[in-house]
Structure formats: structure tokens, C-alpha cells
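To start, the structure under review is shown below, and the notes come after it.
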Amino acid sequence: MKEIKAAAQLCTFKKGNPVLAYDDGPESVYYITQGMVVIKFREDGEEGVRHFMLEGDIFVSSRQLFRLLRSEHNIIALEDTRCLAMDRTALLDMSDLHPSLARVSRLYSERYCVSANERRHILFKAPPKRCEHMLDNHPEVFHRADDYHLALYLGMKERTVKLTRERMLSKKT
């Protein structure tokens, strides 16, 4: 534990600030201890949302972690966010000494694949059902993400998300 603590750094990111910008050459893997980030991507000149990450999640640009390529993601703090960061070299060195850390890349890959598959599935639902799915399966994201980023993730207009969310939450009370 002392070795891991010595290799990790505490990082803070203010709401709205980038953690990682497109084309950065990221060097760290982050573990969120407080806050929330959104992982955005660009495709055909348009921006979309790939994931939301909350406390307890691990994130990094997958291209950097697995292929040592520049980031294809823009990671933004949606709230004031605090993370423990460990650079890639330290993570690999620690993984040799502590087998539990070797699971990080596998867990990240699994989460990435499950989340990407779920998002594709959500997009085939009618807009109100997309919001219902988020509320049922990811209530923290549903309540904490702003309308703009939630709309990008769900493939909806921001106004539709706002109205649908208001309707859904007024029914719950």
C-alpha cells in the first residue's frame, strides 16, 4: 500500500475544466475519489459522449493505455473532481509487484465494452425510454449530468432531455 500511495498523486479538476484534451499524449490512469467526468469523442465532425464516470471509476484514454497513441477523447470535469493519478509506467511496474493492479486494464476494457454496447442499445429506444433507461440503470448520472451532455449521450435534443427529465421527476414526487 505504501508503494502504491507513493506512486499515486492527488489531482483536482474544477468543474468545466479539461482533464485530458483531444490529441493529448496522456501519461496517467485516474481513479475518481470525488466528482464526475464526461468522456467525449469526435466523429464525422460532430462531438458525442462516450461515457460518464463517477466516484470509484477508473479512466484513461484507452488509445494511450493500450496502444500508446494520442487521445481521441476529450475528458471534462462535470463537477469539481478529485482523482488519484498514477502514470502508466508506475502502473505497469506496480502491476508486476501487485497482481490486483494488473486487473485494472482488464476491468477498464470490460467497462468500456459494456458501456459502448449499452449505449448502442439505448439509441434504438424512443427518446422518453432512453431517459427512463438512464434513470433506472444509472440514476446518479441521470440526476447529476447536465442536460447538454446527457442529450449528447442519449442522441437527443437538449430541450427534449430537459422536458422529459422534468416530467419524469415530477411524477416521482
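Tabulated data
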item	result
Which numbered condition G25 fails, given (1) modelled with pLDDT under 90; (2) in a loop (DSSP other than H, G, I, E, B); (3) in contact with a strand residue (DSSP E or B) (Cβ under 7 Å, 6 or more places away or on another chain)	(3)
In segment 35-52, residue surrounded by the most Cβ atoms within 10 Å (Cβ to Cβ) [restricted to those that are at pLDDT below 90 and in contact with a strand residue (DSSP E or B) (Cβ under 6 Å, 6 or more places away or on another chain)]	I39
Y148 in a helix (DSSP H, G or I) and at pLDDT 85 or above	yes
Failed condition for L135, given (1) at pLDDT below 90; (2) among the aliphatic types (A, V, I, L, M); (3) surrounded by 11 or more Cβ atoms within 10 Å (Cβ to Cβ)	(1)
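Yes/no per residue for (1) at pLDDT below 80; (2) of a type outside the set (K, R); (3) part of a helix (DSSP H, G or I):
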{"position": "L101", "(1), (2), (3)": "yes, yes, yes"}
{"position": "R119", "(1), (2), (3)": "yes, no, yes"}
{"position": "F124", "(1), (2), (3)": "no, yes, no"}
{"position": "R159", "(1), (2), (3)": "no, no, yes"}
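The values are calculated or read from the model by the stated rules, or taken from the named source; none is laboratory data. Quick caveat: nothing in here was measured; it's all calculated off a predicted structure. All Cβ positions, even for glycine, are placed from backbone atoms using ideal geometry, and neighbour counts span all protein chains on display.
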